[in-house]
Amino acid sequence: MDNRAEVREFLISRRAHVAPERVGLPAGTNRRVKGLRRSEVATLAGLSVEYYTRLERGAISGASPQVLESIARALCLDDAERAHLFDLAHAASPVARPPRRRNSKSYVPHQSLQWALDAVTAGPAFVRNGRMDLLAVNPLARAFYKDCYDMPGQPPNIARYTFLDERAHDFYPDWNAFAEVTVSILRTEAGRDPHNKELHDLIGELGTRSDEFRKRWGSHNVRHHGTGFKTFNHPVVGELTLAYEGLEMAAEPGLTLTIYSAEPGSPSAERLQLLASWAASEYGTAAQAEPERAASDG
């Protein structure tokens, strides 16, 4: 990706999101741009208009952390947006080192990681990378994402499933919200790991094959995906409302462990038990070996 273009489009998009009154400026009736003007951002950040203009045009290499913090405050960036700005600046540095990443086609989870996943028996537990490949799963997650594993000729990937498989519109009752989250995760990863060819290939594929993806990609929204609730419509057991926790793996930089759970005693908890029974009859012990085979076959 063109780093200068990414910086330019991100800063312009964030500037457009800030209403003048939000930062104590008069809204006025003579504005030709949505949100803040460049000169207003520069003033709020304590920078000259000329310097901020250069930054917004993509010349962010060499910008100090203090300058980046000032811009983040002026644009009212949240934690994910602030981190994305720093990632873009880091990528522009001539001495930036590409982050350590795992090739999804060759990655095999450590035996101890698979043991830990299999020890989670009350809900789906899985490890994904920033590209949203499913790299390791427990049997319940294999059953939960059964349609991801059914896409022919591809390793299981949540983003590809969301945009290129019609079944995703049934699986996600609020498909639009899931689509927004998916694109935001990919956009965040693209800023963090701009030299990842596998990631760029996926983004290119989705942009070529999905108008919905292409429309959302241009918004430049990013997010940290840590905790919350989601509702699914599983093809085997029906509606499930689940809490999720996403944990960055200290031993595997760039990978995220996610665990879904249902409120004890709730209908969703009962349906997860039904799904576990279905998984045992459908996959047996092979469910545990499936992620390793998918990685090696991909």
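Roughly how many nanometres apart are two label points built 7 Å out from the Cα toward the Cβ at Glu166 and Ser64?
About 5.8 nm separates the two model spin labels.
Sum -39500 (n - 2.57) across every DSSP H segment of at least 4 residues in the chain, then divide by the residue count to get the 222 nm mean residue ellipticity, nearest 500. Before the final figure, lay out the partial values.
Values: 15 runs with 151 residues, N = 298.
For the chain, the value works out to -15000 deg cm²/dmol.
Quick one: which of 267-278, 80-91 comes out on top by average Cβ neighbours within 10 Å, and what's the full order, highest first?
Numbers: 267-278: 17.2, 80-91: 21.0.
Per-residue Cβ counts within 10 Å, averaged per peptide and sorted highest first, yield 80-91, 267-278.
Return one quarter of the surface area of the convex hull spanned by the alpha-carbon atoms of the chain, equal to its mean projected area, in nm².
Working: hull surface 69.1 nm².
The orientation-averaged projected area of the Cα hull of the chain comes to 17.3 nm².
Could you let me know the centre-to-centre spacing of region 157-191 and region 204-270, using Cα atoms, in angstrom?
Region 157-191 and region 204-270 have Cα centres separated by 8 Å.
Taking the simple approach of a point 7 Å from Cα along Cα-to-Cβ for both Cys76 and Trp115, what is their distance in nm?
The answer from the label model is 5.1 nm.
If the viscosity is 1.567 mPa s and the temperature 4 °C, what Stokes-Einstein diffusion coefficient in µm²/s follows for region 143-298 when Rh is the Kirkwood radius over Cα pairs?
Details: Rh = 17.0 Å.
For these conditions, the coefficient is 76 µm²/s.
Mind checking the full-extension length gain between Lys197 and Ala280? Use 0.36 nm per residue of separation minus the Cα-Cα distance, one decimal, nm.
Values: separation 83, 0.36 × 83 = 29.88 nm, distance 3.70 nm.
Going from the current span to full extension adds 26.2 nm.
Modelling each spin label as a point 7 Å along the Cα-to-Cβ direction, I'd like the Glu212/Glu180 distance in nm, to one decimal.
1.4 nm
So if the hydrodynamic radius of region 126-168 is defined as the Kirkwood radius over C-alpha pairs, what does Stokes-Einstein give as its diffusion coefficient at 37 °C and 0.692 mPa s, in µm² per second? Display every interim value, and only then the final one.
On the way: Rh = 10.4 Å.
Estimated diffusion coefficient is 317 µm²/s.
For Thr241, Thr188, give the ranking by accessible area with the largest first, probe 1.4 Å. Write out the running numbers ahead of the final one.
Details: Thr241 60, Thr188 10 Å².
Descending order: Thr241, Thr188.
Calculate, for Glu9 and Ala122, the FRET efficiency according to 1/(1 + (r/R0)^6) with r their C-beta to C-beta distance and R0 30 Å; round to the nearest 0.05. Walk me through the intermediate numbers first.
Working: r = 43 Å, r/R0 = 1.43.
Step by step, r from the Cβ atoms, then E = 0.10.
The values are calculated or read from the model by the stated rules, or taken from the named source; none is laboratory data. Since this is a predicted model, take the numbers as computed values, not measurements. Quick reminder, even Gly has a Cβ in these numbers, built from the backbone with ideal geometry, and neighbours come from all protein chains shown. Heavy atoms of the whole protein, side chains included, go into the accessibility calculation; ligands, DNA and RNA do not. Shrake-Rupley method; radii C 1.70, N 1.55, O 1.52, S 1.80 Å.
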